[in-house]
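The values are calculated or read from the model by the stated rules, or taken from the named source; none is laboratory data. Just so we're clear, the structure is a prediction, and the values are computed from it rather than from any experiment. A quick note on method: Cβ atoms are made from the backbone with ideal geometry, for glycine too, and the neighbour counts reach across all protein chains shown.
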Amino acid sequence: MYEEFYQLEKPPFRMTPDPEFLYLSPSHQEALAAIVYGVEQRKGFVVVVGEVGLGKTTILRCYLAQHDPKRLSIAYIFYANLTFKGLLETIFRELSIEDRPDDVVGMVNRLHDVFIEEYRQGRNVVLVVDEAQNMPIDTLENLRVLSNLETFTDKLVQIVLVGQPEFAETLNVRELRQLRQRVAVRSTLSPLTDEESHAYIEFRLSKAGSSSSSVFTRGALREIVKRSGGIPRMLNILCDSALITGLGYQKKPVTVAIVHEIIGDLEGKIRAAGHLWVRVSLAALAALAVASVVLLVSPFWGFLQPGRDTARQIRNSPPAPTRPATGPSREPSPLPLPGDEGNRAEASRPVVDAAARQPAERPLVATRVVKKGDTLNRLAANVYGFATAEVLQRIVKHNPGIGDVNRILVGTAIRFPDVSDLQPTKPRPPLREQQKS
């Protein structure tokens, strides 16, 4: 989207775990080396733990992309919430093993035969489990059954468990003490330092054919690094959002003001999500209260209902006379645009009943393309002659692409709906006339 403007060959801050963009900090180098060492030396169990967004999956993808298929047979488990039988079935499928028995004992014995044959051919079988914190304790405990498949000198299968910090806590439970003792290699990923965060951004931009100095100002880089907390995923989110916003403002390089703006937007979305959760919770409590009242009153509902004779009188009674209208409808007619004769003619037509003519979506009265220096408040004042918070809310409702009323992108086409029902009692003159006066 912004590659051409910033002269980039490819997007440098994608969220996918692309091994090409793996930046190996000392902590990441240690984690990758732990996996390589544990597998090559047939150590059995290897555990890698790291916080969310630090790049655990990217390290795994890098290892899997570089392995020699002639020497390694790898079963990659990316969904760990499995029973032990489900895990065995997944291993059979990943290793393309035929003749799978239906029972657990039969599957373990069949795997033993397959692993022995792989070992004879000089190959190593590796079971990689990503998001291991989601694996049930019973399944983890039964992994010892697979680790028991060994010769007198070597393990027949190497098991790499990668998970979040809570996985390390899970390993400390009493039920897994035997598994914990079998872990031969451990590694823990750490957040990037400020220097490593700068190097991370520079590395990714260089992979995309540019440099940080031509894309970000020094102040913008400092602010991104500060706000990221050393989390690579946050660095990607902040850098990508800053480049998109910089494109909208046609700013090159990205300034610290743009970074402050996108940080405010991200924090606002988080707060809005929290407020939405509060509103949903209150609504649920209100619904529960109403249901409780209904349950309490329902046993006495027969006593509260009118008798049969009373109900028959109500059904047979003539309808109440409708009150004739004493004057024209008070619903305001649509406000015509300055210089738009068609809208004046439309406004002069007789007003029909509001309930009869209420459409599913309010009609549009104008469409404007955002130019440099435009604000939503100024455009609304030019179109309607006035701008209030309710008017801006209705415009946003008809333009879902507007995420923030204080920031609209240049070149965006904005639709302005009918807001005649929001017209103030004493309309203010359009902005142009105010400026003339």
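Where in segment 170-245 are there helices (runs of 4 or more DSSP H), lying fully within it, with 1 or more residues that are within 14 Å of Ile262 (Cα to Cα)? The helices (runs of 4 or more DSSP H) meeting that bar are 218-228. Residues that are more than 19 Å from Asp130 (Cα to Cα) and loosely packed, with under 13 Cβ neighbours inside 10 Å within segment 22-34 comprise just one, Pro26. Being within 41 Å of the chain's Cα centre (by Cα) and on the phi > 0 side of the Ramachandran plot is the filter here; which residues of segment 83-116 pass it? Within segment 83-116, just Ser96 meets the criteria.
Condition check ((1) free of Cβ contacts under 8 Å to residues at least 60 places away in the same chain; (2) within 25 Å of the chain's Cα centre (by Cα); (3) surrounded by fewer than 23 Cβ atoms within 10 Å (Cβ to Cβ)) across all residues:
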| site | (1), (2), (3) |
| --- | --- |
| Val185 | no, no, yes |
| Leu192 | no, yes, no |
| Met234 | no, yes, yes |
| Lys252 | no, no, yes |
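Only one of (1) among the charged types (D, E, K, R); (2) out of contact with any helix residue (DSSP H, G or I) (no Cβ under 6 Å at 6 or more places or on another chain); (3) surrounded by fewer than 20 Cβ atoms within 10 Å (Cβ to Cβ) is not met by Lys155, so which one is it? It fails just one condition, (3). Tell me, yes or no, whether segment 26-48 has at least one residue that is over 23 Å from Leu146 (Cβ atoms) and in a loop (DSSP other than H, G, I, E, B). No: segment 26-48 contains no residue that is over 23 Å from Leu146 (Cβ atoms) and in a loop (DSSP other than H, G, I, E, B). Restricting segment 91-109 to residues that are of a type in the set (Val, Ile, Thr) and surrounded by 13 or more Cβ atoms within 10 Å (Cβ to Cβ) leaves a set whose member that is farthest from Val125 (Cα to Cα) is Val104. Val160 meets the stated requirement of being in contact with a strand residue (DSSP E or B) (Cβ under 7 Å, 6 or more places away or on another chain), modelled with pLDDT of 95 or more and closer than 18 Å to Phe84 by Cβ.
Rundown of residues vs (1) surrounded by 15 or more Cβ atoms within 10 Å (Cβ to Cβ); (2) modelled with pLDDT under 90, yes/no style:
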position: Met1; (1), (2): no, yes
position: Glu20; (1), (2): no, yes
position: Tyr37; (1), (2): no, no
position: Val46; (1), (2): yes, no
position: Gln66; (1), (2): no, yes
position: Arg71; (1), (2): no, no
